[in-house]
Amino acid sequence: MKNCDANRARGKDNLGRACAAAWAAILLLPSGLVRAQASLPQAPATFPFTFNGPQADTPGELDAFGLITEATQPPDIIARVEAFIRDFPDSQFLSLAQLREMQAEIDINSYEGAVAVGHALLRKSPNNLEALILLAGVLPNFPPSYPDSRKANALKEAEGDIQAANQLLQTFRLMESFPPRAFLAEKQKLRLSLKEAAAFLDLASGNDQRAIQEYQALLAGSSTRPAVTCFRLGVAYYHVGQMDNARAQLEAARQNDNGIIRKQATSLLKQIATR
């Protein structure tokens, strides 16, 4: 945002509209680590029945959690989780259910809903690694209409969540009966999701050069080219005036998505073409 304001002050004709389009596109995208961050794991439909894993106190509780895992539409997921919280407020499955609800709020592009669920989850489970990473990736997606003070608070909170998640990731250990290979794969997903969240925080904070380096590293270490990562890298290049690089990444984002990212990348490419 700071770059947009600075460039408008220097009188660059179309940059204001382009910045607005770019920021509008850096939103809650259904494709990541949550799908928005392209790495965070979904709440599992099954789980290890070990002493250090979640267990139901009653068959009714287990059935209610099963209804959450079976739901596929975001409104159904949200309604079932809210019913589960009401009926089983002390359930060991509460965090898993709320992670699923948070993802559902992201899928319907509800910033306020996703943040509210994340806060509620972390109040009860402050060391929930998945929730910290997920919330850190959501917070910088604040609506453009937010006052500057509220935007600053969201960015500060995201930074704190990233720091806490980094510390927790260092002590993330294998659970009993969890296959080591699967554990290492999930830990790597969490690590990549955390890096993605950190890059997005830098982009939202106006640290474009650092965001470029972080997004480049993410793409270099990935076998795929996630549309959201390419799009955000394209936005960062745009902010620093590297239009050829911006066009290349935005085109990659267009090719790898057929939804909102493609639409917003196309819009920003049109803005670049008019300059």
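Quick note: the coordinates plus some simple rules give every number you see, no bench work behind them. Note that the coordinates shown come from a computational prediction; the quantities given were computed from them, not determined experimentally. Positions of Cβ are generated from backbone atoms using ideal geometry, with glycine treated the same way; all protein chains shown enter the neighbour counts.
Observations
- The residues of the stretch 129-150 that are polar (S, T, N, Q) and without any contact (Cβ under 8 Å) to a residue 12 or more places away in the chain, listed by number, are SER145, SER149.
- Qualifying position, being within 30 Å of LEU250 (Cβ to Cβ), in contact with a Gly (Cβ under 7 Å, 6 or more places away or on another chain) and small (Gly, Ala, Ser), among ALA197, ALA204, ALA165: ALA197
- ASP202 vs. criteria of a type in the set (Asp, Glu), touching a residue at least 24 places away in the same chain (Cβ under 8 Å) and either surrounded by 13 or more Cβ atoms within 10 Å (Cβ to Cβ) or within 30 Å of GLN242 (Cβ to Cβ) (or both): no
- Among the residues of the stretch 108-124, those identified as crowded, with 16+ Cβ neighbours inside 10 Å and either in a loop (DSSP other than H, G, I, E, B) or not small (Gly, Ala, Ser) (or both) are ASN109, SER110, TYR111, VAL115, VAL117, LEU121, LEU122.
- Subset tally (residues that are among the charged types (D, E, K, R), closer than 13 Å to LEU67 by Cβ and either over 22 Å from the mean Cα position of the chain (by Cα) or crowded, with 16+ Cβ neighbours inside 10 Å (or both)) for the stretch 79-100: 3
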